[in-house]
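Chemist: Here it is: the structure, laid out below.
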């Protein structure tokens, strides 16, 4: 399985960032607005609509407040496996890091996944650092 890892520094408290990450149905408003244009909840599934036209079903696997870690898996016909996690690690009082890891099969789609994660990471970094969001 190919792994893509992003270590994203964020100029905001770990508590504030975790509050946005753990809000599973609000990716389009609290985490990555513009990159994600809509999110709908259906129990432990969120249907995520991206600005590039892609729509995916993400299943909530785990949400741990104690570890500030969220895990989800995607159903998609072109992927055999897609599992991802986001963990928020404090780095002082008003800074933290988001460790975003995605494991995917087949290996040959990893570059496409990495490109989308780069775009999403940049949006999340800006959005989460903006106290007016």
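The values are calculated or read from the model by the stated rules, or taken from the named source; none is laboratory data. Predicted model, so just to flag it, every value in this text is computed and none were measured. All Cβ positions, glycine included, derive from the backbone under ideal geometry; neighbour counts span all protein chains shown.
Chemist: Go through the stretch 25-35 residue by residue and tally those that are within 24 Å of residue 110 (Cα to Cα), in contact (Cβ under 8 Å) with a residue 40 or more places away in the chain and surrounded by 13 or more Cβ atoms within 10 Å (Cβ to Cβ).
Modeler: So the count comes out to 4.
Chemist: Here is a check on your reading of the model: is residue 91 surrounded by fewer than 17 Cβ atoms within 10 Å (Cβ to Cβ) and either in contact with a helix residue (DSSP H, G or I) (Cβ under 8 Å, 6 or more places away or on another chain) or closer than 21 Å to residue 16 by Cβ (or both)?
Modeler: Details: surrounded by fewer than 17 Cβ atoms within 10 Å (Cβ to Cβ): yes; either in contact with a helix residue (DSSP H, G or I) (Cβ under 8 Å, 6 or more places away or on another chain) or closer than 21 Å to residue 16 by Cβ (or both): yes.
Yes: the conditions hold for residue 91.
Quick grid of which residues meet (1) closer than 23 Å to residue 130 by Cα; (2) over 14 Å from the mean Cα position of the chain (by Cα):
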| residue | (1), (2) |
| --- | --- |
| 6 | yes, no |
| 11 | yes, yes |
| 17 | yes, no |
| 25 | yes, no |
| 33 | yes, no |
| 36 | yes, no |
| 51 | yes, yes |
| 56 | no, no |
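Chemist: Can you tell me which residues in the stretch 46-70 are in contact with a helix residue (DSSP H, G or I) (Cβ under 8 Å, 6 or more places away or on another chain), surrounded by 14 or more Cβ atoms within 10 Å (Cβ to Cβ) and not in a strand (DSSP E or B)?
Modeler: Once the filter is applied, which keeps residues that are in contact with a helix residue (DSSP H, G or I) (Cβ under 8 Å, 6 or more places away or on another chain), surrounded by 14 or more Cβ atoms within 10 Å (Cβ to Cβ) and not in a strand (DSSP E or B), the stretch 46-70 yields only 68.
Chemist: Across the stretch 1-22, what is the number of residues that are surrounded by fewer than 16 Cβ atoms within 10 Å (Cβ to Cβ) and in a strand (DSSP E or B)?
Modeler: Residues flagged as surrounded by fewer than 16 Cβ atoms within 10 Å (Cβ to Cβ) and in a strand (DSSP E or B) within the stretch 1-22 amount to 4.
Chemist: Look through 73, 110 and report the one residue that is farther than 26 Å from residue 129 by Cα, under 12 Å from the mean Cα position of the chain (by Cα) and either at pLDDT 95 or above or not in a loop (DSSP other than H, G, I, E, B) (or both).
Modeler: When all the criteria are applied, what remains is 73.
Chemist: Is it the case that the stretch 113-125 has a residue that's in contact with a strand residue (DSSP E or B) (Cβ under 7 Å, 6 or more places away or on another chain), assigned to a helix (DSSP H, G or I), modelled with pLDDT of 95 or more and within 19 Å of residue 63 (Cα to Cα)?
Modeler: Yes, the stretch 113-125 has at least one match.
Chemist: Within the stretch 76-107, which residues are under 15 Å from residue 13 (Cα atoms) and modelled with pLDDT under 95?
Modeler: Across the stretch 76-107, the qualifying residues are 92, 93, 94.
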